Amino acid sequence: MLQIHARLAGVAVHLPETLRSTTDTEHLVAAASTGFRPPPGLVQRLTGVERLHVMPDDWQASDLAAAAARKLLADTGTDAGTIDLLLFAAASQDMIEPATSHMVADRLGLRCPVFDVKNACNSVLNALETAHALIAQGGYRRILIACGESPSRAVRWAVPDLRTYLASIPGYTLSDAGAALLVEASAEPGILGCGFTADSASWNVGTLASGGSAHPRGDEHTYFRLDGVGLRRAFERLGPQILDDTLERLGVRWQDMAAICVHQVSKPYLDQLAERFGLPPDKIPLTVTEHGNAASASLPLQLVRARESGRAGVGDLVALVGLAGGISMGVSVIRL
C-alpha cells in the first residue's frame, strides 16, 4: 500500500489597505485619554514596529480569512468545490458560537466539513500539523486552512497612566491580517514533519479574557494583556530543545533552509531569539517592522514574502517556527 504524504500546494495573505503608524497610535491614545500623553516614539523604540494594518469597521475575522482564501484559490487555480475540509485557524474569532469556520465557508460558498483550530499565535502552525495528519491517514485529500486575525478590536485607547500604557503596548503592535494555505495529498513528502512543546503553567502571561466562562462580561476584559518579561522568561525556560530535536529527527539543519519563518512579536525580541536559538538571521524574512505582529498570520506572511523576493522557491526547504501564548512552541519543516 502506497504511503500518503501531504504537500503545501499554495499560500496567500490578505493585508488590509488601511495603515496605522505608531505615531498615529500615540495620537489616538492621547485623544481618548484624560490627563495622559504617551511618550513620543516609545512604542517604536521598544518594538521596532513602524506601522500595522487595520481592517474596515464592518469586517470580521472571517472576512479577512475569506479574502485570503479567495486569493489562494485564484492563484492556484483551485475549484472551491474540490475542498474536502476547511480549518479556520486563528487567535481571533467572530464570536464564541458557532465556530468561525462556518462563517468563512459560507463566504466562500463551501459545503465541506469545517472546524476551528485555536492555539493563540500557533493556530496556523497547529492547523498545518492537523491537516498533515488527516491527509496522511487518508481521510481527506485537499484541505484549506484559513486564518483571520482581528486584534485591532482589542486595543485599549483610554489610558489613565504610564503603567497602564506600558502594559498595553503589545496591543498597539498587533496587526489585522488574513492568510490561507492549501494542503494536498501527494506521492512525495512536502510537509516533512513537525514538533511541538508547551509550558502551560505560564498561560497567564498573555490573555484576552472576555467572552469565556471566567469573564463573560466587562469592558476591562476585552483588552489584550501581556506580561512581556514573563513571556520572554517562559520561552527561555523552554529553550530550543524541541526545535533541535525535530531537525535532528528529520535529518536537516538550519543551514539547509532557504528561509526560516519565525513568529515575530518585536524586532528586538526576534534578534534575541535568533541568537539564543542559533537561527541564522539572514534566513529570517523580517515583517514585524512594516506589518506589525500579525498573530498566527505572521508565518504565512513571512513565507509569502520569502517566495515573492525569490529567497525560497519550488524544491527549497523552509522552516516555520511558532511561538504562542499559553505558552507553546513548535516547528514545521516543509519542502516547497
Rounded to whole Hz, the Karplus (6.51, -1.76, 1.60) HN-Hα couplings of segment 330-336, x for glycine and proline: x, 8, 10, 10, 10, 9, 6
Charges at C-beta only: +1 for Lys and Arg, -1 for Asp and Glu. How large is the resulting dipole of segment 181-307 about its Cα centre, in Debye rounded to 20? 180 debye
Over segment 247-323, what number does the Rg to Rh ratio reach, with both radii from the alpha-carbon atoms and Rh per Kirkwood? 0.94
Can you tally the net charge around Arg233? Count Lys and Arg as +1, Asp and Glu as -1, for every other residue whose Cβ sits under 15 Å from the Cβ of Arg233. 0
What percent of all Cα-Cα pairs in segment 26-135 falls into each 5 Å bin, going from 0 up to the bin containing the maximum distance? 2, 10, 15, 18, 16, 11, 9, 8, 6, 4, 1, 0
Calculate, for the chain, the solvent-accessible area per residue in square angstrom, rolling a 1.4 angstrom probe over the heavy atoms of the protein chains. 44 Å²
Rank by packing, highest mean first: peptides 61-68, 267-274, 144-151, with packing defined as the count of other Cβ atoms within 10 Å averaged across residues. 144-151, 61-68, 267-274
Dipole magnitude of segment 1-123 about its Cα centre (Cβ charges: Lys, Arg +1; Asp, Glu -1), debye to nearest 20: 360 debye
Using a Gaussian network model of the chain with C-alpha springs under 10 Å, which one of Pro40, Pro216, Pro285 is most mobile by mean-square fluctuation? Pro216
For the chain, give me the percentage of DSSP beta bridges that are antiparallel, rounded to the nearest 5 percent. 70 percent
If amide H atoms are modeled at 1.01 Å from N in the peptide plane, then the residues at a separation of 5 or more from Ile284, or on another chain, having amide H under 5 Å from its own are Ile260
Quick one: if you take sqrt(5λ) for each eigenvalue of the C-alpha gyration tensor of the chain, what semi-axes come out, biggest first, whole angstrom? 32, 23, 18
Carbon and sulfur %, accessible surface of the chain computed with the full protein complex present, 1.4 Å: 50 percent
So how far, in whole Å, is the C-alpha centre of segment 55-83 from the one of segment 15-31? 26 Å
Under-5 Å amide H pairs with Gly193, H placed in peptide plane, nonlocal only: Val333
Long-range amide H partners of Ser186, meaning residues 5 or more apart or on another chain whose placed amide H is closer than 5 Å, are His5, Ala6, Arg7
What per residue convex hull volume, in Å³, comes out for segment 192-336 when only alpha-carbon positions are used? 120 Å³
Under the rule rounded for a/c under 1.5, else prolate if a/b exceeds b/c, else oblate, using alpha carbon gyration tensor axes a ≥ b ≥ c, segment 23-67 is classed as oblate
Debye, to nearest 20: dipole size of segment 109-183, +1 on Lys, Arg Cβ, -1 on Asp, Glu Cβ: 180 debye
Do you know the relative contact order of segment 123-243, to the nearest whole percent, from alpha carbon pairs under 8 angstrom that are 6+ apart? 26 percent
Cα lying deepest toward the dipole's positive end in the chain, options Leu323, Ile96, Ala185, charges on Cβ: Leu323
What whole-number distance in Å separates the alpha-carbon centres of segment 119-183 and segment 293-326? 13 Å
Counting pairwise Cα distances across segment 1-51, what percent come out greater than 13 angstrom? 71 percent
Any chance you could run the full-extension gain for Asp24 through Val229? It's 0.36 nm times the residue separation minus the Cα-Cα distance, nm to one decimal. 71.2 nm
Please report the net charge: other residues with Cβ closer than 12 Å to the Cβ of Gly10, K and R +1, D and E -1. +2
Ellipticity estimate at 222 nm from DSSP helix runs (n ≥ 4, -39,500 (n - 2.57)) divided over the chain, nearest 500: -9500 deg cm²/dmol
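The values are calculated or read from the model by the stated rules, or taken from the named source; none is laboratory data. On a predicted model such as this, the values are computed, not experimentally measured, just so you know. FYI the Cβ positions are ideal-geometry reconstructions off the backbone, even for glycines, and counts take in every protein chain you see. The protein model used for the area step is the full one, side chains on, heavy atoms only, and it has no ligands, DNA or RNA in it. Shrake-Rupley method; radii C 1.70, N 1.55, O 1.52, S 1.80 Å.
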